[in-house]
Structure formats: structure tokens, C-alpha cells
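For reference, the structure discussed in these notes is given below.
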């Protein structure tokens, strides 16, 4: 094995390169599919939650919250004001859209039943009879593939009434998003699922108390659900052993940008960023300059910092985050100010607009970066960037504002020289570069 | 007026959701798909159909980028210019499409055939640059491919074929 980890084996992607791997027959016959469900249905719900807790599975959407703990927050027998029982909902967050992240799409197209099985097990564990899969609306093809997978699972009796003769009922329904990055935030997703604007909610109350349609709800990421069948089928110990002390299992890392073999790789967590770049075929078109290790919101790292390991805790210690596992590699032909502006333009567009710090802050930051690129920047601007970021992070309803400051602050801290050069030489023109077509402020931006 | 087809589709999924408002995103999707944009008349009709005030329909429709509140061209060429695509030459693809169509992004050609749109991450970063034409994804797009995609779409349009809806089945949700 090329990895220095004897316990490692792919949990989610062992067969994603085999033709036909997305079908239910392949999953059942070749991958021991729905065996975890069979086992889980013979266990008490609390026992299933306990297995997941002990496996050290942490949420793969970005925040890395322990999944078993999230499940245990769900009330056992919730009742309304009149004493009638309330339904509980399980929600799958498939609103993948963090720039640099494309792992969930692979699960959707190559091994959808793993995720479906994980959701049914999750439904049993938290005592829910209904789940929603919230998928980003741009995925027309993926949505239809998922619907086909659901239809097949119903036909085989894994979904619907009295699943595998256990008396447990569970239904899954797809809900289409409509193009809003913020709907990946779990409370924004719940609002969107209710047919409202995707604006994040104040917490508390947490979704486990008041979630979708006012009912106790639990939201997990696609990859999180897809790991659950393995944990139940093979046992928590095997899964926990693969990972680090505080985080079990494997991670799906999407490597993109300037690498020779960009793709999703399922890897153990004791690899460094340099190792992962090597696995992805090395840097293309130049030498390594910077890496964004966990999707656009994660603060960037300089090439000399890339020996850091990619588990949650090591990356947090290095001042960045594991996030959603999107690793973006930039070579030395890239101008960091330009690259960061590309991201800020995105955040400016996607801020939901509820909190003024975020709505105005993301706009100001984008304008300042643009001004620096256009040659109108001043030395003071560089200090103002930090000031604006200080007024955004931690000041808003959700973590979006923190996410904006990730690239903005880290770029100016770690590559200040490039900012100063642009200020001194009058922008991109001064260093002999042309403005990017996508950075031109013409027409409307949708 | 909402078409019977839309009403039938929405009625077909009514019992899947606990509230009427939950059907608002689906109905707007259906309107967008059938008419190519979401007009004020259709927003009113959607509100009537779901017993929602039109203000509520409009506040939701204006929040999401997939609902177009103004008419656009028959073929929406959506080019991702976010970081991974940008690093891999999305800019050249965009510039090539702008030149070929003679418009900037955010604009529609005079003949009403094409709209060029700059979009944010399509979650296809591993196969960047990504382009979405109406509903269909195209990945690892370079300038040559962009030009031939536009040519092909133009020919299909003239022949009266649907463009960029290769996986769509009529009247089937989702």
C-alpha cells in the first residue's frame, strides 16, 4: 500500500471505476449492499447511534461535527402542545457548491445506494419515517439518476412500508434547490426546503428541536451518510482505526486546479498536503505556490506550509480548516490577488443579505481587491482589508461571513508582497498582465 | 395562466410535503422549464394555485439564480468562472464565447437565440472548465469545444430540436 496506514481501505469508493457500479444489483451482489441496513434494523435505535458515536465519524459537509452526537440530540418522542406526537425528519444536504468541492457528485453518480442505505439506517437511528434529499437544482442529470436509484430501492423493499419485515417505515423524497450557495448552510437549507428564501436561521432553536416544517430534524452531508453502512456492517472499530484519535474513517478529497490528475481521491487522514498533490500527479505548469485545503472558505496555505497533515485537528492547528475536502492547487503563474478576487466576487454574489456586516463587507472586499487589480489601490487598503474582516467574522447569523474572511485575510497576510507590488506598480497593467475576461465589470452577473 | 401540465405535476407531488409553500420551489422550476423565464403573470398564477400572496412568491423567485425574472435566449450558455475553472482557462472559454456570439456575459443575442451567463461553482472542479448549456453539463471545455458546442446548439435550434435537455422526461418530477 502506498499509504503508511495498514488499516486503510476505501469505505465509499472501492468500485467507482467499475462499469455498472451505480446499479442496485451491483451494490447488492458485489458490494454487500443493504447488509448494514439488515443488521441495523435488528438493533435498537440507541445502539445504532452508539455505534456511529464510537466510530468517530465526523460530518463531512465542512464543519466536522461528530455525527453520532448530532443524532443523539434528536428528541425521543416529541409531542406538540396538545400532546400529539410530532414527526421527525432526516435531511440529506446535497447542495454541493463550495468552490473546489465535487465529491458528492461522484457518490450520486457512482454509488447512490450507499448514501440511500445510510439514510435509511439514520432514519431508524433517530426514529424518523421520512427523509428529504435536498439536491442543488443545476444537477438535472444527477437528480434523475438519484430518483431512479430511489425507485429501485422501493422496488426491492429497502424503502417504503415494513422494510425487510422489521415493521420500520421510511420514505425518501427529492427536493430541488434553485441555485443558491447559502442553501448548503443547514438552517438556510431548511428554509429553502420549506419553499422560502434560503436565509440562515438564528440558533437556538437548533434543528433537532425546530427543523424542517417546524419539526425536529437532522441534517447530514452526502458523504457522511455514505459512510454509515460500512460502520454498521463492518463494526465501528474498523472504521475508527483507519482515522486519527478524534476522527474516524477516510476522507474524500477532491483535488483540482493546477494538478496533472485532478479527481476525487478517497484517502486516509494521515497524509500531508504534499502527499496528496503527489497522488494527484503533481503540480502542473509550474512550481507549487499556494493551496486552499478545504474548499474556497478555508484560509490558504503557502507552499512551505504544505507538509501539514490533512486531518481536522492538524489543519485547524495550522490556522485553516479541513472543510469540505476540496483541495485547490495553485502554481507560481497565479497572481494571488487575482485568484482571491475570483473568490470574493463569488462571495459578494452569494451573500444572502440578511446581515449588514456580510452583505456590505463582502461587497467592499470585492471592490477593494478589484481596485488594487485596476491600479487604484493604496497602501491603506491593505490594512483596511484586515479591519473589514475583523468586523465580519463571528458577527453574523451564520458562518458565511467567516468564510469570506478565509481567503481575504489569508491572502493579504501570506502574500502581502504581491499586493504591495500591485499598489506600487499601478495594478495588473504595471506587471504586464491583462485583466481576466471574467473579472470585467460588464453586463449582469447571475 | 399555468398550464395543465404544470398543475398536474404539482398536484402529483402534493402529498410528499407537509405544507403548500414547500411546493413553491417546484412550481417555479416547472414554470422556468416550460416558459424559459418566470413572468409576473406566472408568479401571480403560482400564488393563486398555492394560496400564497404574490409578494411571497416574488420574494422567493428573486432569491434564487435559477429563476430568471426576465426573458432570456433559447440557449443559456452558462460558463463557470470560479476558482478551479478559472485556474484551468475558463477565462479563455468565456472570451471565446463572447467573441463568437458577439455579446458580453449577462447579455442575449439580438436574434434571441443565445444568452451568455457567468455562473458560480457547478461542482465539477475536477473536470474544469465546466459549462452548462441549458440543463446539460459539459466538462473539460476548451475554446474549440466551446465553438463547436455553440455551432451544434445553433443547428439544433434551427432544426427545431430541444437543446441541452438530454435527460429530461416531460411531466416527470423531479
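The values are calculated or read from the model by the stated rules, or taken from the named source; none is laboratory data. No experiment lies behind these values; they were computed from the predicted model shown. Using ideal geometry, Cβ is built from the backbone for each residue, glycine included, and neighbour counts are taken over all protein chains shown.
So if I check each of A:427, A:417, A:361, which one is on the phi > 0 side of the Ramachandran plot and at pLDDT 95 or above? Before you say what the answer is, go through the steps one by one.
On the way: A:417 fails: on the phi > 0 side of the Ramachandran plot; A:361 fails: on the phi > 0 side of the Ramachandran plot.
Residue meeting the stated conditions: A:427.
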Filter segment B:41-64 for residues that are out of contact with any helix residue (DSSP H, G or I) (no Cβ under 7 Å at 6 or more places or on another chain), crowded, with 20+ Cβ neighbours inside 10 Å and within 12 Å of another protein chain (Cβ to nearest Cβ) and give the result.
B:63, B:64
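One line per residue, one yes/no per condition, for (1) at pLDDT below 95; (2) surrounded by 24 or more Cβ atoms within 10 Å (Cβ to Cβ); (3) not in a loop (DSSP other than H, G, I, E, B):
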{"position": "B:67", "(1), (2), (3)": "no, no, no"}
{"position": "B:79", "(1), (2), (3)": "no, yes, yes"}
{"position": "B:93", "(1), (2), (3)": "no, yes, yes"}
{"position": "B:116", "(1), (2), (3)": "no, yes, yes"}
{"position": "B:129", "(1), (2), (3)": "no, yes, no"}
{"position": "B:145", "(1), (2), (3)": "no, no, yes"}
{"position": "B:148", "(1), (2), (3)": "no, no, yes"}
{"position": "B:151", "(1), (2), (3)": "no, no, yes"}
{"position": "B:154", "(1), (2), (3)": "no, no, yes"}
Would you say residue A:205 is assigned to a loop (DSSP other than H, G, I, E, B) and within 13 Å of another protein chain (Cβ to nearest Cβ)?
no
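Looking at segment B:131-150, which of the residues that are over 14 Å from the mean Cα position of the chain (by Cα) and more than 19 Å from residue A:258 (Cα to Cα) is farthest from the other protein chains (Cβ to nearest Cβ)? Can you show your working first?
At the first step, the residues of segment B:131-150 found to be over 14 Å from the mean Cα position of the chain (by Cα) are B:138-150.
Restricting the remaining residues to those that are more than 19 Å from residue A:258 (Cα to Cα) gives B:138, B:144-150.
Details: B:138: 12, B:144: 17, B:145: 17, B:146: 12, B:147: 15, B:148: 20, B:149: 16, B:150: 16 Å.
Top of the filtered list is B:148.
So, residue B:128, is that one without any contact (Cβ under 8 Å) to a residue 60 or more places away in the chain, more than 19 Å from the chain's Cα centre (by Cα) and within 14 Å of another protein chain (Cβ to nearest Cβ) or not?
On the way: without any contact (Cβ under 8 Å) to a residue 60 or more places away in the chain: yes; more than 19 Å from the chain's Cα centre (by Cα): yes; within 14 Å of another protein chain (Cβ to nearest Cβ): yes.
Here the answer is yes, as residue B:128 does meet what is asked.
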Residue A:80 being free of Cβ contacts under 8 Å to residues at least 12 places away in the same chain and within 14 Å of another protein chain (Cβ to nearest Cβ)
yes
Regarding residue A:294, is this residue within 14 Å of another protein chain (Cβ to nearest Cβ), crowded, with 23+ Cβ neighbours inside 10 Å and not in a helix (DSSP H, G or I)?
yes
Given (1) in contact with a helix residue (DSSP H, G or I) (Cβ under 8 Å, 6 or more places away or on another chain); (2) buried (at least 17 other Cβ atoms within 10 Å of the Cβ); (3) not in a strand (DSSP E or B), where does residue A:70 come up short, assuming only one miss?
(1)
Consider segment A:8-30. How many of its residues are surrounded by fewer than 22 Cβ atoms within 10 Å (Cβ to Cβ) and outside any loop (DSSP other than H, G, I, E, B)?
6
For segment A:245-267, how many residues meet the condition of being in a loop (DSSP other than H, G, I, E, B) and buried (at least 23 other Cβ atoms within 10 Å of the Cβ)?
5
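Helices (runs of 4 or more DSSP H) wholly in segment A:333-434 with at least 1 residues that are away from chain B (no Cβ under 14 Å) and touching a residue at least 24 places away in the same chain (Cβ under 8 Å) - which ones? Don't jump to the end; show me each part of the working.
Details: elements: A:336-350, A:356-374, A:379-392, A:400-414, A:416-425.
Where helices (runs of 4 or more DSSP H) fall fully within segment A:333-434 and carry at least 1 residues being away from chain B (no Cβ under 14 Å) and touching a residue at least 24 places away in the same chain (Cβ under 8 Å), they are A:356-374, A:379-392, A:400-414, A:416-425.
Could you go through segment A:99-108 and let me know if any residue there is assigned to a strand (DSSP E or B), in contact with a strand residue (DSSP E or B) (Cβ under 8 Å, 6 or more places away or on another chain) and at pLDDT 95 or above. Talk me through it step by step, then tell me what you get.
Kept after step one, since they are assigned to a strand (DSSP E or B), are these residues of segment A:99-108: none.
No, because not a single residue in segment A:99-108 is assigned to a strand (DSSP E or B), in contact with a strand residue (DSSP E or B) (Cβ under 8 Å, 6 or more places away or on another chain) and at pLDDT 95 or above.
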Do you know which of the residues in segment B:157-174 that are within 13 Å of chain A (Cβ to nearest Cβ) and modelled with pLDDT under 85 is nearest to residue B:13 (Cα to Cα)?
B:173
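Answer yes if at least one residue in segment A:273-285 is within 21 Å of residue A:57 (Cα to Cα), in contact (Cβ under 8 Å) with a residue 24 or more places away in the chain and under 23 Å from the mean Cα position of the chain (by Cα), and no otherwise.
Applying the first criterion (within 21 Å of residue A:57 (Cα to Cα)) to segment A:273-285 yields none.
Taking every residue of segment A:273-285 in turn, none turns out to be within 21 Å of residue A:57 (Cα to Cα), in contact (Cβ under 8 Å) with a residue 24 or more places away in the chain and under 23 Å from the mean Cα position of the chain (by Cα).
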Number of the condition not met by residue A:323 [criteria: (1) surrounded by 24 or more Cβ atoms within 10 Å (Cβ to Cβ); (2) in a helix (DSSP H, G or I); (3) more than 11 Å from chain B (Cβ to nearest Cβ)]:
(2)
Filter segment A:111-137 for residues that are within 13 Å of chain B (Cβ to nearest Cβ) and not in a loop (DSSP other than H, G, I, E, B); which is surrounded by the fewest Cβ atoms within 10 Å (Cβ to Cβ)?
A:130
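Working only within segment A:31-67, note down all residues that are under 21 Å from the mean Cα position of the chain (by Cα) and surrounded by fewer than 23 Cβ atoms within 10 Å (Cβ to Cβ). So that I can check it myself, show each step before the final result.
Taking segment A:31-67 first, the residues under 21 Å from the mean Cα position of the chain (by Cα) are A:52-53, A:55-67.
Matches in segment A:31-67: A:53, A:56, A:59, A:63, A:64, A:65, A:66.
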